[in-house]
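Colleague: Have a look at this one.
Each value in this text was obtained by applying a stated rule to the coordinates, not by laboratory testing. Note that the coordinates shown come from a computational prediction; the quantities given were computed from them, not determined experimentally. Backbone-built Cβ (ideal geometry, glycine too); neighbour counts: all protein chains shown.
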Amino acid sequence: MKLGWSDVTPESLWLNRRSFMAGAAALAATPAFALSGKPSALSTDQKPNSFEEITNYNNFYEFGFGKEDPARYAGALTTDPWSVEIGGLVERPGSYGVEDLAPESALEERIYRLRCVEAWSMVIPWLGVPLASVLNKAGVQPGAKFVAFETVLRPDEMVGQRSRGIDWPYREGLRIDEAMHPLTILATGLYDKPMPNQNGAPIRLVVPWKYGFKSIKSVVKITLTDRPPQTSWEMLQPNEYGFYANVNPEVDHPRWSQATERRIGAGLLAGRQETLMFNGYGDQVADLYSGMDLAKNY
Ligand SMILES: Nc1nc2c(c(=O)[nH]1)N[C@H]1C(S)=C(S)[C@@H](COP(=O)(O)O)O[C@H]1N2
Ligand SMILES: [Mo]
């Protein structure tokens, strides 16, 4: 089927998306309708990376290990309809639609630094809602101490899930106070567009003071628990990737330094920049870890 631009109105996109799947890769790369988010005092005033950089240099191992694999293959993921199963220690367990969890009218713009554990970084203008608002919809029971997240398991659409290495689905977790922190969001878009597939459509976690791997993409399951959940990278390499994974220039990865980082798009002459404790969000989050040995709890 061939599409003209006039076919790609918001309504026709919405109504016919299922029948457009052949063209899904193209649509995912250039979402056709604009969203807007309320500006937030929690945004950085640093210059965001370009849409091209943000959508062509990704980690999303469900689509391969190369940085360009997600841009190439993530168009195959069907993201509509989509629902998120919220369960465990909540008052109202059940299946929630993305539109219920992150209604367009509630979207905020959050321009955050993203620091990958591999020592590169970007600045990304997300659109999303506080995770706390989502958890409050489900009603957090007093016994809940942790939140576990799972990415969709769909090997027919996610080429990387057909190979071993990671015990799919990708899993992540937060302590409840980290999950309820105002900086922690579930994002459904970036640059005023619906979330591109390669960035974790239709809904992904963003925790800006932690290494990027905590910010799990394409979430289908959120479970409140009373014990620490298993997380994919800890399961894989517990001596290299811990549960907390707070950005920390003083605690090196066993195989490289975490003291500096390379800002994507800065150019070869720009040089590396210093990595900041908690990725520069220490004023807001350091209290969460007072009294903890962050070299032990990495
Ligand atoms: N499901 C899933 N989520 C994931 C990953 C992944 O491989 N699978 N990679 C993580 C890593 S290592 C990083 S750095 C960020 C990258 O997010 P971005 O591609 O939107 O910049 O996503 C994180 N979330
Ligand atoms: Mo990462």
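Colleague: Ordered by residue, what ³J(HN,Hα) values in Hz, to whole numbers, does region 231-241 give under the Karplus form 6.51 cos²θ - 1.76 cosθ + 1.60, where θ = phi - 60° and Gly and Pro are x?
Modeller: Listing the rounded values in order: 10, 4, 6, 5, 4, 7, 9, x, 7, 10, 10 Hz.
Colleague: Something else now. Sorted by mean Cβ packing within 10 Å, highest first, what order do the peptides 82-94, 253-265, 142-154 take? Intermediate results must be reported in sequence, preceding the final value.
Modeller: Values: 82-94: 16.5, 253-265: 14.5, 142-154: 18.5.
Top to bottom by mean Cβ count within 10 Å: 142-154, 82-94, 253-265.
Colleague: Please express the Cα-Cα pair-distance distribution P(r) of region 46-94 as a list of whole percents, one per 10 Å bin, running from 0 to the bin with the greatest distance.
Modeller: Values per bin, smallest distances first: 22, 29, 27, 21, 1.
Colleague: Put a dot 7 Å past each Cα toward the Cβ at residue 80 and residue 68; how far apart are the dots in nm?
Modeller: The modelled label-to-label distance comes out at 2.9 nm.
Colleague: Out of residues 5 or more away from residue 152 or on other chains, whose amide H comes under 5 Å of its own, with H placed 1.01 Å from N in the peptide plane?
Modeller: Close amide H contacts, sequence-distant or interchain: 220.
Colleague: Lys and Arg at +1, Asp and Glu at -1: add these up for the other residues within a Cβ distance under 15 Å of residue 285 and post the number.
Modeller: Around residue 285, the surrounding residues sum to +2.
Colleague: Viscosity 0.692 mPa s, temperature 37 °C: Stokes-Einstein D of region 171-298 from its Kirkwood Cα radius, in µm² per second? Numbers along the way, then the final one.
Modeller: Numbers: Rh = 16.0 Å.
It diffuses with D of about 205 µm²/s by this estimate.
Colleague: Using the number of other C-beta atoms within 10 angstrom as an exposure proxy, rank 285, 140, 251 with the fewest first.
Modeller: Values: 285 22, 140 19, 251 15.
The order, fewest Cβ neighbours first, is 251, 140, 285.
Colleague: In whole Hz and in residue order, list the ³J(HN,Hα) couplings for region 104-118 that follow from phi through the Karplus curve 6.51 cos²θ - 1.76 cosθ + 1.60, θ = phi - 60°; x for Gly and Pro.
Modeller: 3, 5, 9, 5, 10, 8, 10, 8, 10, 6, 10, 10, 7, 4, 7
Colleague: Moving on. Could you tell me the distance between the Cα centroids of region 164-230 and region 60-111, to the nearest Å?
Modeller: 9
Colleague: Given 25 °C and 0.890 mPa s, how large is the Stokes-Einstein diffusion coefficient of region 79-136 in µm²/s, with Rh as the Kirkwood radius over Cα pairs? Don't skip to the end; give the middle numbers.
Modeller: On the way: Rh = 13.6 Å.
It diffuses with D of about 181 µm²/s by this estimate.
Colleague: Could you list, in their original order, any pairs among 214/296; 145/221; 38/145; 145/217; 67/214 whose Cα atoms are separated by more than 20 Å?
Modeller: On the way: 214/296 18 Å; 145/221 17 Å; 38/145 30 Å; 145/217 22 Å; 67/214 17 Å.
Listed pairs above 20 Å: 38/145; 145/217.
Colleague: Let me ask something additional. Run the numbers for residue 95 and residue 47: contour at 0.36 nm per residue of separation, minus the present Cα-Cα distance, in nm. Don't skip to the end; give the middle numbers.
Modeller: Working: separation 48, 0.36 × 48 = 17.28 nm, distance 3.73 nm.
Difference between extended and current length: 13.5 nm.
Colleague: What's the extension gain from residue 272 to residue 230 if we count 0.36 nm per residue and subtract their Cα-Cα distance?
Modeller: Length gained between residue 272 and residue 230: 11.8 nm.
Colleague: Sticking with this structure for a sec: Under a 5 Å amide H to amide H cut-off, with H placed in plane at 1.01 Å, what residues pair with residue 260 once short-range neighbours are removed?
Modeller: 275
Colleague: Mind giving me the nanometre distance, one decimal, between the label points for residue 136 and residue 260, set 7 Å out from Cα along Cα→Cβ?
Modeller: Between residue 136 and residue 260, the simple spin-label model gives 4.3 nm.
Colleague: Which residues in region 246-275 place their backbone N less than 19 Å from a point set 7 Å from the Cα of residue 237 along the Cα-to-Cβ direction?
Modeller: 246-262
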